[in-house]
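Rule-based calculations on the coordinates, nothing more; no lab input. Predicted model, so just to flag it, every value in this text is computed and none were measured. Here Cβ is always computed from backbone atoms with ideal geometry, including for glycine, and neighbour counts include all displayed protein chains.
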Amino acid sequence: MSRPIKSKAASIPAKQHWYGMCPPISEALPAEEDLIRTKQLIDILKSCDVFADDSELPHREKVVKQLGSLFREWLTEMCEELNIPDHVTEKVGGKIFTFEFSLLGGDSKGADIDALCVGPGFLTRNHFFTSFFEKLRAQKEVKGIRAVEDAFVSVIKMSYDGIEIDLLFARVCRKRVPDNINLLNSIWLKDADAKCVRSLNSYRVTEEILRSVPNLDNFKLALRAVKLWAKRRNIYSDALGFLGGVSWAILVARICQVYPNATASTLVIKFFKVYNMWVWPVPIELKSPENCCFNLPVWDSRINPSDCSHLMPIITPVYPQQNTALNVSRSTFAVMMEEIQRGYAITEHIQKQKAHWSKVFETPDFLQKYQHFVLLRASSATEKQHLEWVGLVESNIRLLVGNLERNLHVNLAHINLQSLSGPSKLHAKEGKSTKWLIGLAVNMEENKKLKKDLTAPLMCFTETIYSLADSSKMYKEGMTVSATYLAKDSLWWQMPSRQYKKVTKPATAPAGPTAAGQPAAKRKGCWQAEVSAKKFKADTESASVAHCSSAQASASIQPAATSSTPRDTKRAGSPHPETSSKRFRSGEEPPKGPCSESSGVSLSVSDSQSVSRPSTKRPRTPEPETASKRVKIDPYPPPVELSDLPPILTRPAAAVKRAIRIQLVSKRN
């Protein structure tokens, strides 16, 4: 009797279901020590006050309902204004979808609310950013409202009843918006314009992330820890070239997929381990890409040459797939990889019970990390103008970082996310001022005798800002932007905690009488930052960019040596009558500005080098030295700042070829 033949289909086992594009790395159940570490992680998160209290969540829900009522009320008003038939007006619908903050369940303390306003197809984007904008501004609960239409995703930013709100707008090709609309269905993208697609995907991506993880509670707790770590380590900002909330959520979700049964603490540990070993630019994807044939551009490094240049591809899980880390630059990538490596080292010690979770969330000392800085200042006459002006400058700071990166002498440019706002004491005419600090890592080993000039990248950035403001008709009288180079010992920076960063004086000070008439070595409690006779040494640890391209700059910025000239000697060629003997005595108030008035050398453009006022004579250039005549130069000249450019530029930055290079010459005995 012949043996029965089994069908081919019966011999193939059914495919086991898993999350993601590949099988999990480990499906091991948590051990007792994993549960203990998770309890410790929750305790440290509570101590950091990241969980909302019981009264905050109902307040957020109330705000969302009020915004929904205002939006539907506005839709009815627009139907009457556009003479839409009554039967359409009665069923026009309109709905507001919240997203991103729902990734954490809405119970994150102080979290912003991102909301998507979906309207019918007969409305235009201009209606939303004009008519609805004015309706919102008329509400007493609304503060600090501004429209950002030129961003990649257009948004209205405001504070509603004490909660920060980001409102997006998208229209669907229907006469009304049904209450049960399912935006996850890609059919709503058909015939939609590019801006509406990006707005719709802001919500669609969030919902798809929540569907892509095996355990929502563990995912949300792990994501909360990662976001707290990223904010504490100053690497949480998509606009400034780091990663935003969606990017961090995708990274954590991918770890959840490959460790489906892991606890939150294990997920955080695996997060640092996996991404410390990850071979970028291999992309991070949560699911296989789909193609809906709507002729929309999608991210694909195999087809699009421009996608091959992305350093850190983190791809959205919905059509059309896009890279959420598009703004990551060489410097920000290096900074994030350094922080991930640090997190991996600490979590390894946590597993061995040699460290505590609080070590992961320690804040860095930005001022001690670098020896060279660029101070960026944006000022305007009124607070209302300042909101728009700061928004424009901040959204383009990554361009300045890119300009500095392309300088052959800069290895890395790191923007500090903590800006400083307030009136400026050094510039009394400024009504409102905001400052940012950019740390520079330069190579101090080669070409030490060469003086480097940062005029071109700094001036190119200021020209770009003024051009953008002029083209968008945003520029108003009193709006200024400047960028200045400062060495560490000439830096004064007031941290957001309102505490001054006191720079330690060198052990030996130049000889000569002080303002108090006593030797400098005996002065105590002095706030003045002295310039050391020693040359600045690069911080090799902070300048580590192992994950960057090997073709990096080898030149450096070298400060001039101090002179033995007495401090009360008047500076040669200085337009200011003050002498360099002016110092802050013990017990006096520290200066309120970002830098000291009499220390440091600024490698930037002087007032005579403005684009609109070219000059053939270089100011403050000392006369050639002869055997019979020596020019005495003060070792503490004031920093020369980039002059404010006119609102309408007359010549591109490439045409400026007379950059000043300031070199201090030691007096010969």
Could you give me the ³J(HN,Hα) list for segment 262-278, computed from phi with Karplus coefficients 6.51, -1.76, 1.60 and θ = phi - 60°, whole Hz, x at Gly and Pro? 6, 6, 4, 5, 5, 4, 5, 4, 5, 4, 5, 5, 5, 7, 6, 9, 5
How fast does segment 121-187 diffuse by Stokes-Einstein, in µm²/s, taking the Kirkwood radius from C-alpha pairs at 25 °C and 0.890 mPa s? 182 µm²/s
Which listed pairs, of 143/369; 39/62; 157/231, have C-alpha distances above 30 Å, in listed order: 143/369; 39/62
Rounded to whole Hz and in sequence order, give me ³J(HN,Hα) for segment 346-351 from the Karplus expression 6.51 cos²θ - 1.76 cosθ + 1.60, θ = phi - 60°, writing x for Gly and Pro. 5, 5, 5, 5, 5, 4
Pair residue 51, residue 356: separation of 7 Å Cα→Cβ label points (nm): 1.9 nm
GluC sites (Glu not before Pro) within segment 313-383: which are DSSP loop residues with at most 12 other Cβ atoms inside 10 Å? 362
Listed by chain and number, the residues whose amide H is under 5 Å from that of residue 164, excluding neighbours fewer than 5 places away on the same chain and using placed H, are 113
So who's got an amide H within less than 5 Å of the one on residue 171, skipping anything under 5 residues away but keeping other chains? H placed 1.01 Å off N, in plane. 119
Neighbour net charge for residue 272 - beta-carbon separation under 11 angstrom, K R +1, D E -1: +1
Wrap a convex hull around the Cα atoms of segment 154-207, take a quarter of its surface area, and give that in square nanometres. 4.6 nm²
Quick one: which residues, 5+ away or cross-chain, put their amide H under 5 Å from the amide H of residue 299? H built at 1.01 Å from N. 321, 322
Can you work out the Karplus-derived ³J(HN,Hα) for every residue in segment 216-224? Use 6.51 cos²θ - 1.76 cosθ + 1.60 with θ = phi - 60°, whole Hz, and x for glycine or proline. 5, 5, 5, 4, 5, 5, 5, 5, 4
Test of understanding: extend the Cα→C-beta vector of residue 276 to 7 Å, then name every residue of segment 338-375 with backbone N under 16 Å from that spot. 338-362
With equal scatterers on the alpha carbons only and no solvent term, can you work out the Debye log10 of I(q)/I(0) for segment 230-348 at 0.11, 0.17 1/Å? -0.38, -0.89
Mean 1/r over all different Cα pairs, inverted: what Kirkwood radius does segment 313-428 give, in Å? 17.7 Å
Across all directions of projection, what mean area in square nanometres is found for the Cα convex hull of segment 354-406? 6.6 nm²
Computed from the beta carbon distance with a Förster radius of 22 Å, FRET efficiency for residue 180 and residue 90 to the nearest 0.05 stands at 0.80
For segment 264-322, would you read off the P(r) tail past 17 Å as a percentage of all alpha carbon pairs? 50 percent
Extension gain (nm, one decimal) between residue 59 and residue 301, 0.36 nm per residue minus Cα-Cα: 82.7 nm
In the structure shown, of 109/384; 46/359; 435/473, the pairs separated by more than 20 angstrom at the C-alpha atoms are 109/384; 435/473
